[in-house]
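Below you'll find the structure, written out as structure tokens, and then a few comments.
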Amino acid sequence: MIKKLSSLALLLLVLCLAATAQELGTWRSYLSYQIATKSEVNGSIIYSLMNGNLLSYDTEDGEVRTFDHMGALNDVNIAHIAYCKEAGKLLIVYSNSNIDLLDNNGNTENLSALKEKRILNKEVAAVCIYGSTAYLATGFGFVEVDMKEGVFRNTYRLDLNVTSIAVSESMIFLGTPDGLYRCMKSDNMQLEANWKKLKAWTNIKILRFYQDILMVARTDALFALNTSSNVTTNLVSGNFTILKNLGNQLVIGNKTKIGFAFDVNSPEDFTVIPYSNIWSDISLVNGTYWVSEQTNGLRGYKITASEITPTEQVIQPSSPIRDIGYHLSWVGDRLLVAGGINTVGSFYNPATAMYYENGEWTNFQEMEIPSNYSALRLRNTTDLVQDPLDDTHHFASPYRTGLCEYRNGKFVKLYNHDNSPLRSLMPTLPLYYNYCMCAALSYDTDGNLWMASSLRDTVLHVLKPNGAWTNLYYEELDACSLVDQILHHSSGIKLITSRRIDKRGVFCLDTKGTERTTDDRKILHQNIINQDGTPYLPEQFYCLCEDLDGLVWVGTSTGLFVIEDVSKVFDQNFQFTQIKINRNDGSGLADYLLNDVSIACIAIDAANRKWIGTQTNGAFLISADGQEMIHHFTTENSPLLSDNVQGIAVHPGTGEVVFGTDKGLCSYISDATTPEDELKKSNVTIFPNPVSPDYNGPIAIRGLVADTEVKIISTGGQLVWNGKSAGGTCTWNGLANNGRRVASGIYHVVANTPEGGKAIISRIVIVR
């Protein structure tokens, strides 16, 4: 019997045992680094802003580094970056007015005072660096940040909506919607009266000093303002979106031309090259111009007085095309992501569909608009599905413009009013093709692709594997506003969400296995009555999900409901169930689970637990029966990107839970995996193993059968800990049942199947 392990023995075991799985409880972000919009230079390093995320590229050694809120950064969704050479720091301003200062060693200082300040119009519209001070233009005036000291210096509340700012040694200029203002630094800049309106320009876009001349980019032309005489010179006509100092050069640009100036006092010295482009920014490092070329990423160019030539250097890591995620699903080891739908306000435009597999992202090709559909609006992708017979074949639904077909990620065909049974809501309009409703894509077990169109002559369409179509009409869904999910229940009954307005509800359909509609059983449940007779009338019905026991969980704007027996949905007295949680305070009372919480999405893991995404409260993990809240993740207590969780997908094999939010995709490694059919030692893996002295996280024992009883036994035969697997995984926190950390040593894992079978599975080595 081993009483104590020697250090040498432990070391040998450490060398012999290998980790076989990703660490439980860890987070990962899947941010987009595709669309480059802004760049800043620090020696040989270029900082690039892509999709509101930060990337650096070292032009000397080729290293690409990404930054996120799980590492150096303190927030998400970056609005502005600017490098301060005197301070040796990069200013990072987020869309919520939070600020980070990133130094050359990768260390970050967070300045959150502006974010936390209760003040209107505090969003930062523009940034100017002068010396070691950053000047931030806001809707109320501007703010000074000392980048060397990492502190706010002054706040100027001027009742001016400042959209651009430029600073010299003696004066500050502010661009506003009603004109150009100036104040001398020697004057009291806190007094609004000291700010003089020099020009009543209403179309100022960018302000920048160059050779002591103020350059003003308006929507119609580029002007030079002599700050001594107040004389302006019209240099070049055009709406310029690029205005930047690169050493001794001033670079200007728009969609049709790129220009360079070496002496702004002589407009004729501008060298303007006609060049059709999608550039949004430009930087210069060692003779190469690095262009933020939007969807083409960060790209190198060689530019002369007469020619612009792209190099082979393109910086665009494999990542999602955009930071949006709405409908998520795992198909094997492939994660499918549909960008989303926004029924109010701004659209998710253009349409976005992508998948992730083997560490690489495939962003589906966006179709070229045919000439006969010149005003086609492909946006709001509700669903992306994969052909169960062909993993290279996919369909996506851009909501109001039909059905898109893809092969190998390449666009193949658009099905709409002109070439399929899908009809337009407005067939007589010139832009009829923008009203072809299509959503709720799903395959049934026979490989038929179902979809909804919400029309008066047809509600549901079915595309068969042989290319034939079937069209089904049901009055209950006639002209409904949005049908966005079809659930093929294991019983054969179909449950469909009609999300909103007058036809909202859960539509239940039993086709009895035929294409005839005359004998179908059907009902639209709009009014929810729970088991206690409490009535609800949700404004929105968001989601449906079948769990491993056949129960259907329904997410609405008023909370979470359960259909316990789908076969009874057609009964006249059918009632939904709300899970009750006992208060355990002696009152004998209970509360409904997640009552009045807007439930946006639901997913089931391998242990039949429910992952629930909400619109404002982050994500919940509840036990299989709903009685225990295991996790509640928010942006305050976790790396979750947003509290608006629009989609969730759980990989049954690895336990990875992916969250789709309005700010992008991130994931969490959970402790539930698909159980094995039989308990075998060869199936079992333990991670980490050995357990190092600095590790305090959970230890995962995977490859078990469902509900395996697991015991941790010391080499002396003493019971150290016992628990039960969640699906095929059991997690141990490294503590004994008395709550203390176990000592160094070898511990045996003993598993009992639910039927009482017993087996010694493996060993865990603990190093303290």
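With a cut-off of 15 Å between beta carbons, the residues surrounding residue 204 carry a summed charge of +4, where Lys and Arg count +1 and Asp and Glu -1.
For segment 635-768, the pair-distance distribution built from all alpha carbon pairs, in bins 5 Å wide starting at 0, is 2, 10, 18, 19, 16, 13, 10, 7, 3, 1, 0 percent.
The amide H of residue 68, built 1.01 Å from its N in the peptide plane, has 73 as neighbours under 5 Å, considering only residues 5 or more places off or on other chains. Which pairs break 28 Å Cα to Cα here: 205/410; 122/199; 85/122? Where the Cα-Cα span goes over 28 Å, the pairs concerned are 205/410.
Candidate cross-link partners of residue 196 among the aspartates and glutamates, defined by an alpha-carbon separation under 18 Å and a same-chain spacing of 8 or more, comprise 159, 169, 178, 187. Oblate is the label for the chain. Its Cα gyration tensor axes, ordered a ≥ b ≥ c, give a/c of at least 1.5 and b/c at or above a/b.
From most to least packed by mean Cβ count within 10 Å, the peptides 661-674, 734-747, 440-453, 145-158 give 661-674, 440-453, 145-158, 734-747.
Our coupling estimate for segment 458-464, obtained by passing each phi through the Karplus curve with A = 6.51, B = -1.76, C = 1.60 and θ = phi - 60°, is 8, 9, 10, 10, 10, 9, 7 Hz, Gly and Pro reported as x.
Evaluate segment 36-315: find the radius of gyration of its Cα atoms, find its Kirkwood radius, and give the ratio Rg to Rh.
Ratio value, two decimals: 0.95.
What does the charge count around residue 646 come to, taking other residues whose C-beta lies under 14 Å from its C-beta (Lys +1, Arg +1, Asp -1, Glu -1)? Summing Lys/Arg as +1 and Asp/Glu as -1 gives -2. Couplings 3J(HN,Hα) of segment 103-120, computed from phi: 8, 5, 9, x, 8, 10, 10, 9, 10, 9, 4, 5, 4, 7, 5, 7, 8, 6 Hz, in residue order, whole Hz [Karplus 6.51 cos²θ - 1.76 cosθ + 1.60, θ = phi - 60°; x for Gly and Pro].
In a fully extended conformation the segment linking residue 286 and residue 428 would gain 45.3 nm over its present Cα-Cα distance, using 0.36 nm per residue. In this calculation the C-beta distance from residue 96 to residue 741 is compared with R0 = 45 Å, giving a FRET efficiency of 0.70.
By the rule of a C-alpha distance below 15 Å, with chain neighbours fewer than 8 residues away ignored, the aspartates and glutamates paired with residue 38 are 281, 293. Each residue of segment 160-166 is assigned a 3J(HN,Hα), and the resulting list reads 10, 8, 8, 10, 8, 8, 9 Hz, derived from the Karplus form 6.51 cos²θ - 1.76 cosθ + 1.60 (θ = phi - 60°), x at Gly and Pro.
Note on segment 528-687: Lys pairs 8 or more places apart or on different chains, Cα atoms under 26 Å apart, count 4.
Relative protection proxy for 130-137, 691-698, 493-500, from highest mean packing down: 493-500, 130-137, 691-698 (other beta-carbon atoms within 10 angstrom).
A straight Cα-to-Cα reach below 18 Å connects residue 89 with the aspartates and glutamates 40, 58, 68, 75, 100, 103, 109, 144, 146, 149, residues fewer than 8 places away in its own chain not being considered. Packing order of peptides 185-193, 86-94, highest average first: 86-94, 185-193 (average count of other Cβ atoms within 10 Å over each peptide's residues).
How much net charge surrounds residue 104 when only the other residues with a Cβ under 11 Å from the Cβ of residue 104 are counted, with Lys and Arg +1 and Asp and Glu -1? My count for the surroundings of residue 104 gives +1.
Here, each number is a calculation from the coordinates, and none is a lab measurement. All values derive from a computational prediction rather than experimental measurement. All Cβ positions, even for glycine, are placed from backbone atoms using ideal geometry, and neighbour counts span all protein chains on display.
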